[in-house]
Amino acid sequence: GVMTEAAPAQGDLLIEGGEALRGGAWAEAREHFEAALRGRETPEALEGLGMAAQWLLEPQTVFRARERAYRLYRERQSPRDAARVAIQLAWDYRTFRGEGAIATGWLQRANDLLSGEQPSSEHGWLALREALLLLADGQLAAAGKLTSEAVELGRSLCDVDLEMTALALDGLVLVNEGRVAEGMRRLDGS
């Protein structure tokens, strides 16, 4: 747009950033979220920036944005939002830095935050993150229990993303258990 128009509102920038993320336009998403943050620091804009930076493979920005978003969600007393970011950070510490103990600490924070909350998608994503760690450690039965719970939760909440991811991970557990045909059917979504 022409530079003479008024600065876009925070809400508009967040919506545009979200659309850019869904469209896979990571650099454009990052610009929208950074512009929103220049106007006002909000955990939503920081969380969006963290997502864009993850896809752009900019770990420093990922950690800075998500750790700040986590603190702001905690200050706002939004436990589910804080838990969601804690789950992301657990994954970041595991994948970007290989720091398993710190990753486990973030998952524990997410667990604590969600313990008093109604069942939500965040509970399902937490279960899947924990299942992946169990799977990596060869604890297949425990991983399978969590993936099955996440499948059920996804169905009950009508969260297709969660359900499909959980089914795929459940399939992976079955394949690792040697139940290959059954697992491959799960992975194919049939």
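Before moving on, here are some points about what is shown:
- In the range 95-109, the residues that are in contact (Cβ under 8 Å) with a residue 12 or more places away in the chain form Cβ pairs under 7 Å with partners that are assigned to a helix (DSSP H, G or I) and acidic (Asp, Glu), at six or more places apart or across chains, as follows: Leu107/Glu130.
- Consider the range 116-165 and keep the residues that are out of contact with any Pro (no Cβ under 9 Å at 6 or more places or on another chain) and among the hydroxyl-bearing types (Ser, Thr, Tyr). The one that is surrounded by the most Cβ atoms within 10 Å (Cβ to Cβ) is Thr147.
- Test: residue in the range 60-72 that is open to solvent by 70 Å² or more (accessible area, probe 1.4 Å), more than 21 Å from Leu14 (Cα to Cα) and either modelled with pLDDT of 95 or more or not charged (D, E, K, R) (or both): yes
- Ala142 under 22 Å from Trp106 (Cα atoms) and either in contact with a Ser or Thr (Cβ under 8 Å, 6 or more places away or on another chain) or in contact (Cβ under 8 Å) with a residue 40 or more places away in the chain (or both): no
- Conditions (1) open to solvent by less than 20 Å² (accessible area, probe 1.4 Å); (2) farther than 25 Å from Arg30 by Cβ: number failed by Val85: (2)
- Contact map, the range 126-139: residues that are free of Cβ contacts under 8 Å to residues at least 40 places away in the same chain paired with residues that are in a helix (DSSP H, G or I) and open to solvent by 50 Å² or more (accessible area, probe 1.4 Å), Cβ distance under 7 Å, separation 6+ or inter-chain. Pairs shown: Ala127/Glu149.
- Taken over the range 88-106, the residue count meeting the criterion of being open to solvent by 10 Å² or more (accessible area, probe 1.4 Å) and in a helix (DSSP H, G or I) is 11.
- Condition check for Glu182: open to solvent by 50 Å² or more (accessible area, probe 1.4 Å) and at pLDDT 95 or above: no
- Contacts under 6 angstrom Cβ, first residue in the range 66-78 being farther than 14 Å from Met51 by Cβ, partner open to solvent by 20 Å² or more (accessible area, probe 1.4 Å) and assigned to a helix (DSSP H, G or I), 6 or more apart: Tyr73/Asp81
The values are calculated or read from the model by the stated rules, or taken from the named source; none is laboratory data. Everything numeric here is computed off the predicted structure, so don't read it as measured data. Glycine gets a Cβ as well: all are built from the backbone with ideal geometry, and neighbour counts include every protein chain shown. The accessibility values were calculated without ligands, DNA or RNA, using every heavy atom of the protein model including side chains. Shrake-Rupley method; radii C 1.70, N 1.55, O 1.52, S 1.80 Å.
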